[in-house]
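Notes for the one structure printed next.
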Amino acid sequence: MQNPFDQRCWPSGPWLAGVLVLAGCGAVLVWTNPSIEDYSDYAGDQLVELATEELCEQKGLPMVLRLWIRNCPELIAAQQPVLASVAGEFTTRLNFGLGSLYTTKLDGRNLLPKLRLPSYTVTTIAGAGRFLTIQTRTDPGNVE
């Protein structure tokens, strides 16, 4: 009868090293998989950039508001915590352990119905403490 602790039964050499490296990498990815709070902060920063471009740089605000608001980019940047909270409310997360897939759907017409704000759908993958936006769709927000 064969001894169960015989060296021939246990993996050794490069194969064992490879398995240990893969297990270690997997554990690190699970440990560093960003939370929904981390994503909300990231999304808030991205929304500040997007809103600044859409509303301030491309003249997305009505003329009356542009005359009244002196420093549009600073005003929007001050709203980052609110934008992060809004993004968190409209985000779904698929957690795969090693990484996550976040989908955020913001409809500007539902948030502020009187303004012609665009709608956005953003898909982001996350892993190892990082975020990568892989798809962005924009609907211009025409009022009927």
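Nothing in this text is a laboratory measurement; each read-out follows from the coordinates by a stated rule. A quick note: this is a predicted structure, and the numbers were derived from the prediction, not measured. Note that each Cβ is placed from the backbone with ideal geometry, even for glycine, and that neighbours are counted across all protein chains shown.
Return one number: the angle in degrees, 0 to 90 and rounded to the nearest 10, between the long axis of the Cα atoms of helix 13-31 and the longest principal axis of the Cα atoms of the chain.
It works out to around 30 degrees.
With θ set to phi - 60°, apply the Karplus curve 6.51 cos²θ - 1.76 cosθ + 1.60 along segment 43-54 and write out the HN-Hα couplings as whole Hz, x wherever there is a Gly or Pro.
Each residue's phi maps through the Karplus curve to give 5, x, 5, 5, 5, 4, 4, 5, 5, 4, 5, 5 Hz.
Around I36, what is the net charge, scoring Lys/Arg as +1 and Asp/Glu as -1 over all other residues with Cβ under 14 Å from its Cβ? Please list the in-between numbers first.
On the way: positive: R93; negative: E37, D38, D41, E89.
For residues surrounding I36, the net value is -3.
Can you tell me the 0 to 90 degree angle between the C-alpha axis of helix 80-89 and the longest principal axis of the chain, rounded to 10?
Helix 80-89 sits roughly 60 degrees off the main axis of the chain.
Report the residue, chosen from A128, A78, A87, that carries the largest GNM mean-square fluctuation when the chain is represented by alpha-carbon nodes joined by springs under 10 Å.
Result: A78 has the largest fluctuation of those listed.
Which of V28, V86, V19 moves the most in a Gaussian network model of the chain with Cα springs under 10 Å?
Answer for the Gaussian network model of the chain: V19.
For the residue pair W68 and F96, what label-to-label distance in nm results when each label sits 7 Å from Cα along the Cα-to-beta-carbon direction?
Going from the W68 label point to the F96 one covers 4.7 nm.
About the Cα centre of segment 55-144, what is the dipole size in debye to 20, counting +1 per Lys and Arg Cβ and -1 per Asp and Glu Cβ, all else neutral?
My answer is approximately 80 debye.
Which of [x] 132; [y] 144; [z] 106 is the computed volume of the Cα convex hull per residue in Å³ for the structure on display?
Matching the structure shown: [y].
Residues with amide H under 5 Å of S119's amide H, sequence separation 5 or more or different chain, H placed in the peptide plane at 1.01 Å from N; which?
Amide H neighbours of S119, under 5 Å, 5+ apart: G108, D139, G141.
Could you work out how far apart the two model spin labels at R130 and V30 are, taking each label as a point 7 Å from the Cα in the direction of the beta carbon, and quote it in nm?
2.2
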